[in-house]
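What follows is a short report on a single structure.
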Amino acid sequence: MFNDYIEVKYTYYTTYYTIARQLHKLASRSIMSLDFEAQSIYTLDERAEAKELVKKHQDELSSDDLRLSKVVARASGLSHPSITKITHCIFGLSEDESIIFVMADPKVEKLLMDFIVNFEGKLILHNATFDLKLVHHRTGRFPRDFDDTQLLSRCLINHTQDWQCKTGLKHIMGEFYDSKWTLIESYDIQDFKDKDFLRYCSIDGAATIKLWYDLQEHINEK
């Protein structure tokens, strides 16, 4: 039976040794995509408790405690990098292959961040402002060479009405990949090796690099 979408194959690594070995192999590549998945540093229980405090006990809290409770209640993987943790680092190698590193501890994160800012090839990101603010927060640096496919897409689709120039990765590339990719409900997974989530991550990486190549073809046709 044939699928009418691109099937992405992926491998994932969890230990410092295996990740370091794979990064050594990736260092010689000329181009690949980069994507992070992130969560709040606060647990689901802590956020639920903070929401309860803000909703029902504001008058009982000091101004500092109320401020902190609001920060915790609203926290997510999109929050300031100081209160987010990176759970997965994905490199898209082609339209149907990605490699995923599970960020198990600070040593692994430092290893990956050092690799990213020193990588001599080109990195392709979609919505680079999200991913690179994490890189810059951790290292004080940016990658040497990178493109943002969201900005490139926006320039080409260019329209004064936002609804007519949607540039979300899933909106642009959803037709090429499994429709389940667009149905992810939560990034607050507890099992970082969950197969469904790893498959979601792998498509993010593959779709980004495919989009970049597609955009280059379109630009070269002009």
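Figures for the structure shown
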quantity: So D204, is it within 17 Å of I90 (Cα to Cα), in contact with a Ser or Thr (Cβ under 9 Å, 6 or more places away or on another chain) and in contact (Cβ under 8 Å) with a residue 40 or more places away in the chain; calculated: yes
quantity: Number of positions in the range 1-30 that are hydroxyl-bearing (S, T, Y), surrounded by 11 or more Cβ atoms within 10 Å (Cβ to Cβ) and modelled with pLDDT of 95 or more; calculated: 8
quantity: Only one of K180, K122 that is basic (K, R) and modelled with pLDDT under 95; calculated: K180
quantity: Whichever residue in the range 92-119 is within 19 Å of W212 (Cα to Cα) and not acidic (D, E) and, among such residues, is surrounded by the most Cβ atoms within 10 Å (Cβ to Cβ); calculated: G92
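For every residue, the table says whether it meets (1) farther than 26 Å from Q190 by Cα; (2) modelled with pLDDT under 95.
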{"position": "D35", "(1), (2)": "no, no"}
{"position": "R47", "(1), (2)": "no, yes"}
{"position": "L66", "(1), (2)": "yes, yes"}
{"position": "P106", "(1), (2)": "no, yes"}
{"position": "L132", "(1), (2)": "no, no"}
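The values are calculated or read from the model by the stated rules, or taken from the named source; none is laboratory data. The shown structure was predicted, so the numbers you read here are calculated from the model rather than taken from an experiment. Here the Cβ is made from the backbone with ideal geometry for all residues, glycine too, and neighbour counts use every protein chain on show.
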